[in-house]
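Worksheet: one structure, shown below.
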Amino acid sequence: MTKDQNQMWGGRFAAGPDAIMEAINASIGFDQRMAAQDIQGSRAHANMLAAVGIISDTDADAIGEGLLTVLSEIEGGTFQFSTALEDIHMNVEARLKELVGEPAGRLHTARSRNDQVATDFRLWVRDQMDAAIEGVDALMRAFLAQAEAGADWVMPGFTHLQTAQPVTWGHHMLAYVEMLSRDKSRMQDARRRMNESPLGAAALAGTSFPIDRQMTADALGFDRPCANSLDAVSDRDFALEFLSCASICAMHLSRFAEELVIWSSAQFRFVTLSDRFSTGSSIMPQKKNPDAAELLRAKIGRIFGANVALMMVMKGLPLTYSKDMQEDKEQVFDAADNLMLGLAAMTGMVSDMTANRDHLRAAAASGFSTATDLADWLVRALGMPFRDAHHVTGSLVALAEKRGVDLPDLSLVDMQSVHADITQDVFTVLSVEASVTSRTSFGGTAPDNVRAQIKHWKEVLA
Ligand code: ARG
C-alpha cells in the first residue's frame, strides 16, 4: 500500500484519494463543449467592466484579445485541457493568465463561476434550441412534400392497428406536420422564456460593484437580465424545458419510426425505404432492414432518460447553487446530440421513401373498411337511427365474411336479405375513393381538404 492510498478502500483503487476527488470533481471532460459560450460571456463581461470604469480599457482590450487567442487554440485543437483546473471556466482563465498576465486576474471581478456557468449553459442550450427548430422545420417540409405527392392516394386508417376507415396518404403525412408544428411552437415559447441573462448575479447575492447587467444581456443577445440573483444562479428550467420539448418531439419521431418499421415489412409493403437508410442481412440475402428507423426509435429513450435524470438532480436542491448541478450538462449534451441526429435521420428517411400506391389502395379496400360509409348511407337514405344502422351493417359484414367477399362485392339480393329497403344506390358509397372523398368535414381526410391544408402549410413554411 502506498502512502496516499486510502486505508479503507486503497486496495481497490490504484490512485490516491486526491486523484479520485479530482476525477469526481472535474467537468472539463465534457463542459469544454461550452468553450465558445464561455469566452463569449467573458468578453461581454470584460467590456462591461471597462464601460462602467471597474477595469481600465487597456486591461479590457488585453483580456478580449487574449480570450480570442484562447478560442482559436481550442478550435485549432492545440489547447491543453487540465483536469486539475476542473472546468472550462478555470481552464480558460488559467490560459488567459499565461497569455496576458495580470489583467487576466481582473476578469473575475463582480462575477462567480455560478453566474458564469448559468450564462454559458443558457447560451449553449439556446443555440441547440435554434438548431432543433431548424431541424423540425426541415422535417415538416419533408412530410409536406410527401403529402403533396400523394394528396389523394388512399390508404387504410387504423385504430388499434386494425383497419378502421380509408384515409388519404396526404392526410396521414399532414398529421405529422401538425405534431411537428406544435414541437416548433413549444421550442419557440421555451426559447423566449430562457432568454434572460444570469450574468452579474455573481455567487448568489449580486455584487457591490456598479455593474450594468443590461449591457451584458444585450451583448449576449438576451432580452433582459434575470430579475432575482438567487433564481439566476440556481435555475435550470431552461435546460429542463429544452429536454421536455426534445422529449415530446422525439416521441413524435419515434412514432413515425415505428410506422416505418411496420410499413416497410413484407406483410405491409406500404413504403419502400431508400438504400441510403436501410441495411442488408449478413445471412439472409432477401432482407432490407429499416435500421435507421429502429435505432431512432431506441435512441429516443435516452432523451426521455435525460429529462428524468435532470429532474432528479434538481428536485432536492435547496437554493442556490449546489455542485449536483454540474451533472446537468452531460444529460443535455447527449439529448441534444440524439435529437439532432434523430431529426436528420428522419428527414432523410421521409424525403427518400417511396409510398407504394397500389399496396396502400389494396390494403385500404380490405377489412370491410367502408362499413361506416354503409351505416351512414342507411341513416341518410332510409332515415334509420345510427345505432340500428350500425347493427344492420354488422349483419352485412358478417354475410360478406361468410361469402368471402368485401362489402362492395355483395349482391343487392344479399343486401336486401338483411334489410329489404336497401337499393342499388348503396354501392355508390362503398368504394374507398367514395369514402375518402365524402369526408369533407373540417379536418377530415377528403382530398380537397388535404389540398387546402397543403396550401396553408406551404404558406406557413415559405
Ligand atoms: N463546473 C461547475 C458546474 O458546472 C461550475 C460552477 C462551480 N461553482 C462552484 N460554486 N463550485 O457547475
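Annotation: per residue accessible area for the chain equals 47 Å², rounded to a whole number [probe 1.4 Å, protein chains only]. Eigenvalues of the alpha-carbon gyration tensor of the range 167-237, scaled by 5 and square-rooted, set the equivalent ellipsoid semi-axes at 41, 12, 6 angstrom, largest first. For the range 252-285, the residues whose amide N sits under 16 Å from a probe point set 7 Å from the Cα of residue 145 along the beta carbon direction are 272-277. Cross-link partners for residue 315 among the lysines, with Cα-Cα distance under 22 Å and sequence neighbours closer than 8 places in the same chain left out: 323, 329.
What whole-number value in cubic angstrom gives the convex hull volume per residue for the C-alpha atoms of the range 29-113? Could the numbers behind the result be given before it?
Working: hull volume 6.7 nm³, N = 85.
Measuring per residue, one finds 79 Å³ for the Cα hull of the range 29-113.
Bridges between two residues of the chain, per DSSP, are antiparallel at a rate of about 80%.
Work out the FRET efficiency for residue 409 and residue 286 from their Cβ-Cβ distance, taking R0 = 35 Å, and round it to the nearest 0.05. FRET efficiency, residue 409 to residue 286: 0.55. Label-to-label distance, residue 127 versus residue 158, with points set 7 angstrom from Cα along the beta-carbon direction: 4.1 nm. Using the empirical formula 2.2 N^0.38 Å as the baseline, the Cα radius of gyration of the range 327-410 reaches a ratio of 1.98. Overall form of the range 325-374: oblate. Here a/c, set by the Cα gyration tensor axes a ≥ b ≥ c, is 1.5 or more, and a/b is not larger than b/c. Excluding the site residues themselves, the longest part of the chain lacking any chymotrypsin sites (Phe, Trp or Tyr not before Pro) in a DSSP loop with at most 13 other Cβ atoms within 10 Å is 14-441.
Out of the total accessible area of the chain (probe 1.4 Å, heavy atoms of protein only), what percent is carbon and sulfur? Carbon with sulfur: 53 percent of the solvent-accessible area.
From helices alone, the chain scores -20500 deg cm²/dmol at 222 nm; the rule is -39500 (n - 2.57) for each run of n ≥ 4 DSSP H residues, then divide by the residue total. For residue 279, the residues whose modelled amide H falls within less than 5 Å of its own, excluding neighbours fewer than 5 places apart on the same chain, are 289, 291.
Sorting check: for 86-93, 334-341, 56-63, which peptide has the highest mean count of neighbouring beta carbons within 10 Å, and how do the rest follow?
Per-residue mean Cβ counts within 10 Å order the peptides as 86-93, 334-341, 56-63.
If R0 is 41 Å, what FRET efficiency do you get for residue 75 and residue 451 from their C-beta distance, rounded to 0.05? My answer for the efficiency is 0.25. The orientation-averaged projected area of the convex hull spanned by the Cα atoms of the range 38-77 comes to 2.4 nm². Against the empirical 2.2 N^0.38 Å (N residues), the range 174-314 has a Cα radius of gyration ratio of 1.54.
Taking only the Cα atoms of the chain, the radius of gyration and Dmax are 30.9, 101 Å.
So for the pair residue 362, residue 340, with labels modelled 7 Å out along Cα→Cβ, what separation do we get in nm? Each label point lies 7 Å from its Cα, and together they span 4.4 nm.
The values are calculated or read from the model by the stated rules, or taken from the named source; none is laboratory data. Just so it is clear, the model here is predicted, and its values are computed rather than measured. Note: ideal-geometry Cβ built from the backbone for every residue, glycine included; neighbour counts use all protein chains shown. Just so you know, the surface numbers come from the protein's heavy atoms only, side chains and all, with ligands and any DNA or RNA stripped out. Shrake-Rupley method; radii C 1.70, N 1.55, O 1.52, S 1.80 Å.
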